[in-house]
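Take a look at the structure set out below.
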Amino acid sequence: MRSNNVTYILCKSSHRTNIFFGKFFSLRGPPGSGKTNVGRELARLTKKPLLDIDDDWLEPRWNTSVASKLSELGDEQFLEAEGQELLALDLQNHIISLTGSNPLHSQCMKHLSQSGIFVYLDVSRETILNRCEIMRVDRIVGQRTKTLNDILTWREHIYERSYDIRILIGLNEMSKDIAEKIVKQLDTQSQMYESTRSAPQMNNQQFLDVVQQGLAPDGGLFISRSFNSMSLGELQRLVGLPYPEVALRVIERFPLGTLHPSHLRTLLWQAYSSFPEEILPVRHLRKNQYLIETFHGPTASFKDLSLQLLPRLMRVATELTSKNEQKRTRLGLLVATSGDTGCAALDAFVRLPGTPVIVLYPNTGVSTVQKAQMQTATGDICVLGVDADFDYCQTTVKELFSDQNFLSDVHRLIPDLHLSSANSINWARFLPQVVFTINSYLQLVEQNRINFGDSIDICIPTGNFGNMLGAVYARRLGLPIRHLITASNENNVIADFIRTGSYDLRHRSFQKTISPSIDILISSNLERFLYLLTDGNYELIQQLFNKLAHERNFQVDGSLLQQIQSEIRGDWTTEKECRDMIRKVYLETQQLIDPHTAVGVHVADKLFKSSDVPILISATAHYGKFPQTILQAVGNNEQALLSNDISALLADLQSLKSTTPMHQELMKLPNKPVLHTTAVEATKSAIIKEIKTFLANFSQQHSS
């Protein structure tokens, strides 16, 4: 049986690339999952011979029926006899339909795994029970002493932990269609990631390579256009699953390369162990509006949902590099933040001891609480307040990753250090965001707010375009979304671009607003979005974004603008409208919302004055991260703007008795000592000097 041991899983790289060559495919799943019929169709499609374990292997060798052998030996002896027979199996280039009990014998599964691909037919419990009752199945191990439902419950974890490819099967799917899905999924898992700025064959990388590199060598962003959409029947199978299990089934629709699904499951459950039981709840706000509460993680913003997973993925990628290159590799992080990413990255990466983390943030462009979260963080970290805006910080980080002199200096200071990024320029930071919208839709179904298959609208406060791109992918995966709406503050370059097709920064000044996490003029993930829309036209993307870098503008043609407008809509909110919305929502509902969420609610109100279609609005941060803004908006408390006393500010917020309680981690903040107060001028040389000083000290401390 597949081990969860990291080294073993990573050694299975041949199983996850060139996936058809010389392999046999073993169909596994519960009794009644259709392995035999699907096997026949798959053999026909792939022109491979079929071996049904019951009919073509066990019964000829035993010279009796499987049911008779089970009756003769009893459960335990039958399992051992069956397993021993499979150890004698030595085939290549076949389709094998396993029995429902084969996976219970770990030794024979390990034997088959050496040169085969396990395809798990994931059929609903209800379907299995109905089929077995109709078929009057009488040869299931354990059937004499347990109900079939109990048998399926006990076996489920065994089927789940050792497959290579999962095939989600909806109600009444035909064997032929299931076989075609298997071929498509096998093909997807053999695909590589592309850069947005080069021909696909120039920068082909596997998933963990992309995780480790962050930014493509040509300055573009890694992206996958290879993913398997989900039918409504498949999506419906996700209703009622815990969040990590929904995330697993969504993420494994994309190429995972050498990362085994069983290992990904472990990482997901570890990542979300720091969240409350309801990881990503959906709450009704008012009218047809529902909030996606993304702020229940340890640092109270949506960034936790991706960043608690990212370091674990990066550690796996670094271990793979260490193994392949037969030398130790240490993971390091360089990240720019408009407020929330830095807080979340510091919390997540300090959970990996010995990982140096460098954060650049706009010194006067984050909230008092966000700054306190970063300045009180502990561990091997360097927190730099830059006298500039976020766009400068993000551009500097991108430049440093392509600055060979800087990278050589880093290598000289710490020879085994591999520096990567935690911004959404990293595909692994972005990918979990595809799950947000899908999980929220499932919750509306569970709450009986919608019927499965009903369309919804999505409105997302937008800065770097990552959350919005996640929703775009969710729709392409098959989620029934009517409208996708980006909501901007006064830095409304995205809203203008959607309206005009012109991305023009030449006469646009950066606006410092009360919603600082979307105070962004250069939206990195827009590049991925345009690459998707143009079907991978890397030459156009390179041209557009080089022009933006050098001339601070670009214009798309009318055809592409029509495509953009058919995918997304956009609008924006003034500072006054944002404050007014915070107050209005509180007076109507007794619920406090943060200023970014208020931007989303205002735009939703503006575009859909009267609509019966439910609209999900991303509540991107807890209101407690912006106490001065909230107190001023709700209570007209101008004195709050002058206060930096976090303890008093949070106490004042609590006195408002919001229906959403105060975040407990924020309440601990006033008792933490301030450790990082370094401010640096907005020059690349000054920033490099601080980083090199930090890395030199880190090297000295960790070499002694």
* Neighbour net charge for residue 538 - beta-carbon separation under 13 angstrom, K R +1, D E -1 -> -2
* Of all alpha-carbon pairs in the stretch 299-394, indicate the percentage at a distance above 20 angstrom. => 37
* **Å² of accessible area per residue within the stretch 23-125, as computed with a 1.4 Å probe and no ligands counted** => 38
* Structure fact -> If the chain between residue 701 and residue 679 were fully extended at 0.36 nm per residue, the gain over the current Cα-Cα distance would be 5.6 nm
* Structure fact -> Checking rank on 217-229, 604-616, with mean other Cβ inside 10 Å and highest first, the result is 217-229, 604-616
* To do: Determine the shape class of the stretch 24-190: with a ≥ b ≥ c the square roots of the Cα gyration tensor eigenvalues, call it rounded for a/c under 1.5, and otherwise prolate if a/b is greater than b/c, oblate otherwise.
  => oblate
* Return the calculated 222 nm mean residue ellipticity for the chain, to the nearest 500 deg cm²/dmol, obtained by summing -39500 (n - 2.57) across DSSP H runs with n ≥ 4 and dividing by the residue count. => -13500 deg cm²/dmol
* To do: Among DSSP beta bridges lying fully in the chain, give the percent that are antiparallel, nearest 5.
  => 20
* If one computes the Cα centroid of the stretch 562-598 and of the stretch 82-114, what distance in Å separates the two points? -> 57
* Cα centroid separation, the stretch 650-701 to the stretch 255-322 (Å) -> 22
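Based on the mean of other beta carbon atoms within 10 Å per residue, what is the order of 357-369, 150-162, 420-432, 522-534, most packed first?
420-432, 357-369, 522-534, 150-162
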* Pop out the ³J(HN,Hα) list for the stretch 90-98 in order, Karplus 6.51 cos²θ - 1.76 cosθ + 1.60 with θ = phi - 60°, rounded to Hz; leave Gly and Pro as x. => 9, 10, 10, 6, 10, 9, 10, 9, 6
* Asked: How high is the relative contact order of the stretch 24-190, in percent, counting Cα pairs under 8 Å that sit 6 or more residues apart?
  -> 36
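Report the charge-dipole magnitude of the stretch 24-190 in Debye, nearest 20, computed about the Cα centre from +1 at each Lys and Arg Cβ and -1 at each Asp and Glu Cβ.
Working: 21 positive and 25 negative charges, 70 e Å.
My answer is approximately 340 debye.
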* Structure fact -> Where a ≥ b ≥ c are root eigenvalues of the Cα gyration tensor, a/c under 1.5 meaning rounded, otherwise prolate if a/b exceeds b/c and oblate otherwise, the stretch 198-338 counts as prolate
* Cα gyration tensor, the stretch 353-412 - rounded (a/c under 1.5), prolate or oblate -> oblate
* Asked: Quick one: with all protein chains in place, what share of the accessible area of the chain is carbon or sulfur, to the nearest percent (1.4 Å probe)?
  -> 47
* Restricting to lysine pairs 8 or more places apart or on different chains, what number in the stretch 24-190 have Cα atoms under 27 Å apart? -> 21
* To do: Rank 522, 630, 159 by how far each Cα sits towards the positive end of the charge dipole of the chain (+1 on Lys, Arg Cβ; -1 on Asp, Glu Cβ) and give me just the farthest.
  => 159
* Asked: Taking θ as phi - 60°, what are the ³J(HN,Hα) couplings along the stretch 292-298 by the Karplus curve (6.51, -1.76, 1.60), each to the nearest whole Hz, with x for Gly and Pro?
  -> 8, 7, 8, 9, 8, x, x
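Which order do peptides 651-658, 204-211, 625-632 fall in by mean Cβ count within 10 Å, highest first?
625-632, 204-211, 651-658
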* For the chain, count the residues as N, evaluate 2.2 N^0.38 Å, and divide the Cα radius of gyration by that value, please. => 1.01
* Magnitude of the charge dipole, the stretch 567-704, Cβ model with Lys/Arg +1 and Asp/Glu -1, debye to 20 -> 320
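The values are calculated or read from the model by the stated rules, or taken from the named source; none is laboratory data. Predicted, not measured: the structure shown is a model, and the values here were computed from it. Virtual Cβ from ideal backbone geometry, glycine too; neighbours counted across all protein chains shown. When the accessible area is computed, the model is the full protein with side chains, heavy atoms only, and any ligands, DNA or RNA have been set aside. Shrake-Rupley method; radii C 1.70, N 1.55, O 1.52, S 1.80 Å.
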